[in-house]
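Beneath this line is the structure, given in structure tokens, with notes to follow.
What follows draws every value from the coordinates through simple rules; no lab data is involved. Just so it is clear, the structure is predicted and the values come from calculations on it, not from any experiment. A quick note on method: Cβ atoms are made from the backbone with ideal geometry, for glycine too, and the neighbour counts reach across all protein chains shown.
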Amino acid sequence: MVTLTARLPMKEGVACCAALDDAVKDLWCAPEPVARSGGQIMADTLVERLTGQARARDVNLEVLALVDVAARIDPAADSADAWP
């Protein structure tokens, strides 16, 4: 999880919160059943509006992992002790 914050003038900050709240109300008033919480809907709406994606789950993500060379050479070796 990530916490995203912004320091905005009062008027713009309230407008942003109201827009996210409106997105929740619009979805909850739709005829289809809603399985997500209001907070989840707000988070998805924020991601969609900031990234320009049509759906929040469509955001691409790349994960890089560091693997100790000793673990690659000898997978049986416990290299966890080598990390500081």
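Points to keep in mind about this one:
- Inter-probe distance in nm under a simple model that places probes 7 Å from Cα toward Cβ, at Asp22 and Arg7: 2.8
- About its Cα centre, the dipole of the chain is roughly 400 debye, where the only charges are +1 on Lys and Arg Cβ and -1 on Asp and Glu Cβ.
- 3J(HN,Hα) couplings calculated from phi for the stretch 29-35 with the Karplus curve 6.51 cos²θ - 1.76 cosθ + 1.60 (θ = phi - 60°) are, in sequence order, 8, 6, x, 6, x, 10, 9 Hz; Gly and Pro show x.
- J(HN,Hα) series, the stretch 7-24, from Karplus relation 6.51 cos²θ - 1.76 cosθ + 1.60, nearest Hz, glycine and proline x: 9, 10, x, 3, 4, 5, x, 5, 5, 5, 4, 5, 5, 5, 5, 4, 4, 5
- Of the peptides 66-74, 40-48, the order by per-residue mean of other Cβ atoms within 10 Å, starting with the highest, comes out as 40-48, 66-74.
- Each residue of the stretch 39-53 was assigned a 3J(HN,Hα) from its phi angle through the Karplus expression (A = 6.51, B = -1.76, C = 1.60, θ = phi - 60°), giving x, 5, 5, 4, 5, 4, 5, 4, 4, 4, 6, 6, 8, x, 6 Hz with x at Gly and Pro.
- Shape call, the stretch 1-50: gyration tensor on alpha carbons, a/c limit 1.5: oblate
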